[in-house]
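J.: Sharing a structure with you now.
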Amino acid sequence: MIAACAFSSRTNTVFGSKNRRTPRLAAAVLAAALPLGAAAQGQGLQVFACEPEWAALVKALAPQAQVTAATHARQDAHHIEARPALIAALRRAHLAVCTGASLEVGWLPMLQARAGNAAVRDGQPGMFYAAQQVELIDRRASVGFNDGDVHPEGNPHFHLDPARLAQVARALSQRLAQIDPPQAAAYAARHTAWQADWARGTAQWQQRAAPLKGQRVVGQHNTFAYLWHWLGVQQIADLEPKPGTPPTPSHLQSVLAQVRQAPPIAITHALYQDAQPAQWLARQLGEDKVAVLALPSTVTDDGPSADLASWMDALVTQLLKTLPAR
Ligand SMILES: [Zn+2]
């Protein structure tokens, strides 16, 4: 069982700790302070979302907001480049919505420093970390040198659990009201409506997915751990030898030996991950027996997973297709 998320602790020493303050940053902070009521003054609420799921949630709760997503479903959100366009987007943001729990530790602190926007510094109302709103699974008391890229805060891919996503939505709607008070009643009303839809959807997905309970899958990374947990699916092996380390031939051989006697219903990987290790394993097990599923680990720009509910629905549908016809 892989117990934590990939992230590079080594990048911390490259970019410095996220709380480091330089004189240059302090000056920039004073110069760039944004009025909290700017959104209400007709300029439009500018939101920077680190991942597509938070961009989608902001669009649901604040349809008038102008939202920039820093990453997309075919990118690995653990590791992206701090491009100038992203720095500019964070500089003009009234609110930044990110996962936290060190998912973005390799790039967000540097973006915050370069953007020099006081509103989205850690600890400010404009910097919203979703991980602070939920309990994480797979927390680790300590991280050893040979454990791979892991973090003690726990698995940060909690947006794959509808209940945790709902907790984040509640907190986010309150945060929107806090930074944009004139719209507070509208945010509350939209959240109430969204929450009702989401609860209805969650019950339906859970009902449809009931046949998946107790089924076994092989995964790659712990990306879908919360989804498996929710649906009662068991991830019996991980294509990664260590979190954040790409599959190796020797590790794949050991996974093959482990699952050959009782193959899983599917070998899954996220859209942004290389399909070849999963395809190799499926070939060894007999392709007609074991499906390879490229699952969207977050909402996509278009297609059948373009908003949160459609994405959840598509995940359940894709998984159900792997079951033998009854
Ligand atoms: Zn991860």
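J.: In the range 252-272, is there at least one residue being open to solvent by 20 Å² or more (accessible area, probe 1.4 Å), closer than 26 Å to ALA314 by Cα, part of a loop (DSSP other than H, G, I, E, B) and within 16 Å of the ligand (Cβ to nearest atom)?
T.: Checked against the condition, which is being open to solvent by 20 Å² or more (accessible area, probe 1.4 Å), closer than 26 Å to ALA314 by Cα, part of a loop (DSSP other than H, G, I, E, B) and within 16 Å of the ligand (Cβ to nearest atom), the range 252-272 yields at least one hit.
J.: What are the residues in the range 310-326 that are among the hydrophobic types (A, V, I, L, M, F, W, C) and at pLDDT below 95, if any?
T.: Within the range 310-326, LEU323, ALA325 qualify.
J.: Then there is this: Kindly check whether there is at least one residue in the range 234-254 that is under 19 Å from the mean Cα position of the chain (by Cα), assigned by TED's automatic domain parsing to the domain that holds ARG283 and closer than 26 Å to PRO324 by Cβ.
T.: yes
J.: Just to be sure I understand, how many residues within the range 79-120 are among the β-branched types (Val, Ile, Thr) and assigned to a loop (DSSP other than H, G, I, E, B)?
T.: 3
J.: Could you tell me how many of the residues in the range 204-233 are within 22 Å of the chain's Cα centre (by Cα) and assigned to a helix (DSSP H, G or I)?
T.: Residues in the range 204-233 being within 22 Å of the chain's Cα centre (by Cα) and assigned to a helix (DSSP H, G or I): 9 in total.
J.: Considering every residue within the range 35-56, establish whether at least one is modelled with pLDDT of 95 or more and over 27 Å from THR223 (Cβ atoms).
T.: Within the range 35-56, one or more residues are modelled with pLDDT of 95 or more and over 27 Å from THR223 (Cβ atoms).
J.: So which residues in the range 232-245 are crowded, with 21+ Cβ neighbours inside 10 Å and more than 15 Å from the ligand (Cβ to nearest atom), if there are any at all?
T.: Of everything in the range 232-245, those that are crowded, with 21+ Cβ neighbours inside 10 Å and more than 15 Å from the ligand (Cβ to nearest atom) turn out to be VAL233, ALA237.
J.: Being under 18 Å from ILE179 (Cα atoms) and in contact with a strand residue (DSSP E or B) (Cβ under 7 Å, 6 or more places away or on another chain) is the filter here, so list the residues in the range 63-77 that pass it.
T.: Answer for the range 63-77, where residues must be under 18 Å from ILE179 (Cα atoms) and in contact with a strand residue (DSSP E or B) (Cβ under 7 Å, 6 or more places away or on another chain): ALA65, GLN66, VAL67, THR68.
J.: GLY123 passes all but one of (1) away from the ligand (no atom under 16 Å from the Cβ); (2) at positive phi; (3) in contact with a His (Cβ under 9 Å, 6 or more places away or on another chain); which number fails?
T.: Here GLY123 meets the rest and fails (3).
The values are calculated or read from the model by the stated rules, or taken from the named source; none is laboratory data. In this text the structure is predicted, and so the values were computed from the model without any measurement. Neighbour counts are summed over all protein chains in view; Cβ atoms, including those assigned to glycine, are modelled from backbone coordinates with ideal geometry. Just so you know, the surface numbers come from the protein's heavy atoms only, side chains and all, with ligands and any DNA or RNA stripped out. Shrake-Rupley method; radii C 1.70, N 1.55, O 1.52, S 1.80 Å.
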